[in-house]
1. Compute the distance in nm between two label points, each set 7 Å from the Cα along the Cα-to-Cβ direction, one at ILE167 and one at VAL273.
2. Would you please give the residues with an amide H less than 5 Å from that of GLY191, counting only those at least 5 places away or on a separate chain, with H modeled from the backbone geometry?
3. Note down the nm distance, to one decimal, between modelled labels 7 Å out along Cα→Cβ at ILE90 and at ARG313.
4. Solvent-accessible area per residue for the range 182-306 at a 1.4 Å probe radius, Å²?
5. Tell me the carbon and sulfur percent of the accessible area for the range 174-316, rounded to whole percent, probe radius 1.4 Å.
Amino acid sequence: MGREAARFPSASHRGPANSGVARAFFLAFLALGILIAWRFYGPLTVPSFVELLDDDAKRLWRYPYFEFGRLAVTPSFLTKSLFFLLFLAIVSRGVRRSLQKRLEAHGAMDRSKAYAVAQVASYLVFFFGLMAGVEAAGLDLSTFAVFGGAIGIGIGFGLQSIANNFISGLVLLADGAVKVGDRIEIGNLIGNVIRIGPRATWVETNGSRVVVVPNSELASKALTNWTANERRVRFSLLVGVPYESDLHTAIELLLKAANRHPQTLAKPPAEVVCTDFAASSVTLELRVWTDSGVQKATNYLGDLRLAIFDEFRSAGLDFPYPHVDVTVRGESPDKPA
């Protein structure tokens, strides 16, 4: 059966939203770097930001909202924490991209495995960087044990779905059942996996439309992975031939049309099988193998249909159409007296 397919972009494909976030991060850290450089290397007469504030503003800037262990949570601390988290996010993303490129360049593993390893590495960098930042801020990590029960209750009531999707994402990356670059079919959705994120997986369908599927859906439901073992896929086309036609000639024309297409593989060879005797035709099934055509199956199968039509018309073979014989029975008209 013919299947729909979509264009397969590179694994680094991202939407405009992600590029906007990256641009915002870059501008924020650029501004912070300029301020720091100006403070240490600028004119000595230029005061710092805190020195520009009056006494009331300074007290507000350093006013502790509450204390977490030995750490006072102030506006100054929250601002520094925000910049630290932004910096940590950029570093972890940079580690993922750099590691993925290096693994692919050295040929240590294919692109899907390189993406999985790089993604897990970025999670570890963010986690350990966060732990190091918490320790540097003067917060004892043992105090988190106090909030362990509260966090567990929160996950049980409100964060269960997020935790489930995150863990499912880790399972997908480790298991390899669904990888970046795979062609999958789940329910009515058919498309290419372009990203496996912490919460959801991006699947690109026809027309460059991206469907965001929760990771738990892919980890728990049955799906079809067209390219799990290899990129080579077999497609089938059903063609009806009239009963009065020469079937052997029709088979030769089908094979000729299939082998003319540049995306049809020579090995395994194309084949034709007689599958049914229908009401108005004999059904022949053309089976072809392709590797590059799987990402653009609509175009590939459309080209095959046009080639088959041209070959049949050139050879004088017609396509069947349903016809019905109708017999009308009734009384004969009355004879004149």
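The values are calculated or read from the model by the stated rules, or taken from the named source; none is laboratory data. Predicted model, so just to flag it, every value in this text is computed and none were measured. Cβ sites come from the backbone with ideal geometry, for glycine too, and all protein chains shown count toward neighbours. For the accessible areas, the whole protein counts, side chains as well, though only heavy atoms, and no ligand, DNA or RNA atoms are used. Shrake-Rupley method; radii C 1.70, N 1.55, O 1.52, S 1.80 Å.
1. Label at ILE167, label at VAL273, 4.3 nm between them.
2. Under 5 Å from the amide H of GLY191 lie the amide H atoms of ILE184, each far enough along the sequence or on another chain.
3. Simple spin-label model gives 6.1 nm for this pair.
4. For the range 182-306, the solvent-accessible area averages 49 Å² per residue.
5. Ligands and nucleic acids excluded, carbon and sulfur reach 50 percent.
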